[in-house]
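What follows is a single structure, written as structure tokens, with notes after it.
The values are calculated or read from the model by the stated rules, or taken from the named source; none is laboratory data. Fair warning: this is a prediction, and the values are worked out from it, not measured in the lab. Counting neighbours? That spans all protein chains shown, and the Cβs are built from the backbone with ideal geometry, glycine included.
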Amino acid sequence: MVLSTLDWVIIAVFFAIVVGIGWAASLTAGKSTSEYFLGGRGMPWWLLGISMVACTFSADTPNLVTGMVRENGVAKNWAWWAFLITGMVTVFIYARLWRRSNVMTDLEFYELRYSGKYASFLRGFRSLYLGIFFNCLIMGTVTLAAIKIGQIMLGIENPVYIVVGASIGVVIYATIGGIKGVIWADFFQYSIAMLGAVIAAVVAVSDERVGGLTKLLAHPNVMPKLDIFPSFDDPKQFLPLLIIPIAVQWWSVWYPGAEPGGGGYIAQRMLSAKDEKNAIGATLLFNFAHYALRPWPWILVALASLVIFPDLASIKAEFPGISDNYLGHDIAYPAMLTLLGTGWKGLVVASIIAAYMSTIGTHLNWGSSYVVNDFYKRFVKPDASEKQQVSVGRFTTVGLMFFAAIFSLTILKNATQAFDILLLSGAGTGAIYILRWFWWRINALTEIVAMVVATVLAFLLVLVISPEALENAYLDVFSTRLLISLFGVSAAWISTTLLTKPEDKETLRSFYLRTQPGGPGWKKVVDDAMSEGIVLDASKGANWQMPLQIMMVFVGCVSIYCSLFGIGSFIYGNIGLGFGLLGIAAAGTFILFRNLGKLSLK
């Protein structure tokens, strides 16, 4: 694809604005670690919500969705649509708890909730495991998408050139501007990225080979892929594509951006909020934009690609310069973007760069916050000044980008592969992150054992046990691996919890006083303290609002799913169903805001 002078001007202006945002944020970012990593804990809900959705709107996400649709149809998106349940649980149950904890990072939680050497080990080990290895795996996936886009859209065959070029701008503004630079850049970049996705969908559907929306939906290559729900006649379709994600995956798997109980960069944004109300508002906005607004432009491009590029051979024939290592169904998305005209090419390329930079910027700041706050300050130099910590954070930011580039160039091959690796490596641990806030008995060893067993099982299932040995009549190989990990890890951590000592009472009481989780899972701790004349439950039980919160989780899921499928119904031509679903979504939204004021917030 040849870019005109106008296209390059648009891209250059985009880069200048983003770097300018980083420079403006740098004027205050270096004052303290709170400013650099949390924006001074004073960020508004709307800005944080857009930042969350911008981060998850990464350069690899359209590729991932395209690969899913081309391989398994629209129904395959339940692999990530199911995480809406996790998101709603975070909104109405965990957002306020995270904000009350007042920690710098979610890993600092370990020494708030647990005590002793095991708590210290957890915090230190996970700061490096998540902050460096896991984080770089995610960034490597996003950078892999940039390589594929660069090879297809810009004709740059050497992936090293693409990685270096894609990294420069984001490293500059993420390094000098801290979280404020990242969040304000996210706001700008999300607007560009969403506009680019819509333009790409319109152009794809309007292509003369596609012939418009009506002909697209009637095309023989497309019709088998349109069902939103998998066929219930075939267990090997509906069990792995729908039942496993809805019944198991959302609560049992740790996945970035959809962590059970909140965590990672979502927790970082909640901790940056002005107060609990802003933390809830941010996560609610994120989930609506993430699940209801974004998917359909990508899905339309994926469906249109089945007409223009029906198989991998047709993509290879059109783009002979693409490396065989990177040839997969996910590459159909950047292939479709080559259909754009002058001016639009520059805007959409800028939108893809925006999606890439928003995700990488967030992960760089998030990962460096772990390395600085939970490793360097905690274990290496406890008396480090604020200036020294910010300097280490900036140095770490550059280092993380380097390792992410290595992952993308040497290990990863496609977006679906990385998605499966990330899901499997956290299988079985999600329930701990949900329950540790509400059951006093969970201890640091619970998490250590779960982490070790999950890692060992993932290694055995992926590298030792052959896929053929896991084949069966009901589930695909990945779902079988997921269930084996779930049962194995769950048995290990539950046994560990019941057979080992609980945390000391002072740690448990301190945690309860700060976060006020309430509920029967803490009754023993509250009653024991009461017997000693210590009052832990400041609200005298009124803070336990779990029935109301669960109702709001359910209504929130119904509202957003109805919005998602209502938009899809309009696209599919089912106008009456579309209005009906959007009506249910509107009613659910009214119920949510009517009851939001009943939650006891600080």
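At a glance:
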{"item": "Tabulated pairs, the range 310-324, first assigned by TED's automatic domain parsing to the domain that holds A146, second assigned to a loop (DSSP other than H, G, I, E, B) and modelled with pLDDT of 90 or more, C-beta under 8 angstrom, 6+ apart or interchain", "result": "P310/N221; I315/F309; E318/F309"}
{"item": "Positions within the range 336-377 being among the aliphatic types (A, V, I, L, M) and over 23 Å from the mean Cα position of the chain (by Cα), in sequence order", "result": "M336, L337, L339, L340, L347"}
{"item": "Residue within the range 207-222 that is acidic (D, E), touching a residue at least 60 places away in the same chain (Cβ under 8 Å) and under 28 Å from V348 (Cα atoms) present", "result": "yes"}
{"item": "Of all residues in the range 436-486 being under 23 Å from the mean Cα position of the chain (by Cα) and in a loop (DSSP other than H, G, I, E, B), the one that is farthest from I244 (Cα to Cα)", "result": "W437"}
{"item": "Subset of the range 196-216 [part of a helix (DSSP H, G or I) and closer than 23 Å to I575 by Cβ]", "result": "V198, A201, V202, A204, V205, S206, L213, T214, K215, L216"}
{"item": "Restricting the range 105-131 to residues that are farther than 12 Å from F375 by Cβ and outside any helix (DSSP H, G or I), the residue that is modelled with the lowest pLDDT", "result": "S115"}
{"item": "Enumerated helices (runs of 4 or more DSSP H) restricted to the range 37-104, each holding at least 2 residues that are in the same structural domain as I352 (by TED's automatic domain parsing), in contact with a Ser or Thr (Cβ under 6 Å, 6 or more places away or on another chain) and surrounded by 24 or more Cβ atoms within 10 Å (Cβ to Cβ)", "result": "45-56, 60-72"}
{"item": "The lone exception for R269 - which of (1) surrounded by fewer than 24 Cβ atoms within 10 Å (Cβ to Cβ); (2) basic (K, R); (3) under 29 Å from A450 (Cα atoms) it fails", "result": "(1)"}
{"item": "Those residues of the range 399-416 which are at pLDDT 75 or above, within 11 Å of T143 (Cα to Cα) and buried (at least 22 other Cβ atoms within 10 Å of the Cβ), in sequence order", "result": "M401, A404, A405, S408"}
{"item": "Residue check, W544 within 30 Å of L592 (Cα to Cα) and touching a residue at least 60 places away in the same chain (Cβ under 8 Å)", "result": "no"}
{"item": "Top-ranked residue in the range 162-177 [being of a type in the set (G, A, S) and either modelled with pLDDT under 70 or outside the structural domain of S323 (by TED's automatic domain parsing) (or both); ranked as farthest from S272 (Cα to Cα)]", "result": "G169"}
{"item": "From the options I591, I584, residue that is outside the structural domain of A292 (by TED's automatic domain parsing), closer than 27 Å to K225 by Cα and aliphatic (A, V, I, L, M)", "result": "I584"}
{"item": "Failed criterion for T283 (all others in (1) out of contact with any strand residue (DSSP E or B) (no Cβ under 6 Å at 6 or more places or on another chain); (2) crowded, with 24+ Cβ neighbours inside 10 Å; (3) at pLDDT below 85 hold)", "result": "(3)"}
{"item": "Conditions (1) farther than 26 Å from R594 by Cβ; (2) surrounded by fewer than 24 Cβ atoms within 10 Å (Cβ to Cβ): number failed by K277", "result": "(1)"}
{"item": "Residue satisfying all of: in the range 446-497; in contact (Cβ under 8 Å) with a residue 60 or more places away in the chain and hydroxyl-bearing (S, T, Y); surrounded by the fewest Cβ atoms within 10 Å (Cβ to Cβ) among these", "result": "Y474"}
{"item": "Matching residues, the range 335-364, being modelled with pLDDT of 80 or more and more than 28 Å from V202 (Cβ to Cβ)", "result": "H363, L364"}
{"item": "Looking only at the range 448-487, and only at residues there that are modelled with pLDDT of 85 or more and of a type in the set (S, T, Y), the one that is nearest to L130 (Cα to Cα)", "result": "S485"}
{"item": "Some residue of the range 6-21 being in contact with a helix residue (DSSP H, G or I) (Cβ under 7 Å, 6 or more places away or on another chain), in a helix (DSSP H, G or I), modelled with pLDDT under 90 and charged (D, E, K, R)", "result": "yes"}
{"item": "Hey, A145 in contact with a Phe, Trp or Tyr (Cβ under 6 Å, 6 or more places away or on another chain) and of a type in the set (A, V, I, L, M, F, W, C) or not", "result": "no"}
{"item": "Odd one out for E157, checked against (1) farther than 22 Å from I308 by Cβ; (2) in a helix (DSSP H, G or I); (3) in contact (Cβ under 8 Å) with a residue 60 or more places away in the chain", "result": "(2)"}
{"item": "Candidates K117, K148, filtered to the one that is within 28 Å of G328 (Cβ to Cβ) and over 17 Å from the mean Cα position of the chain (by Cα)", "result": "K148"}
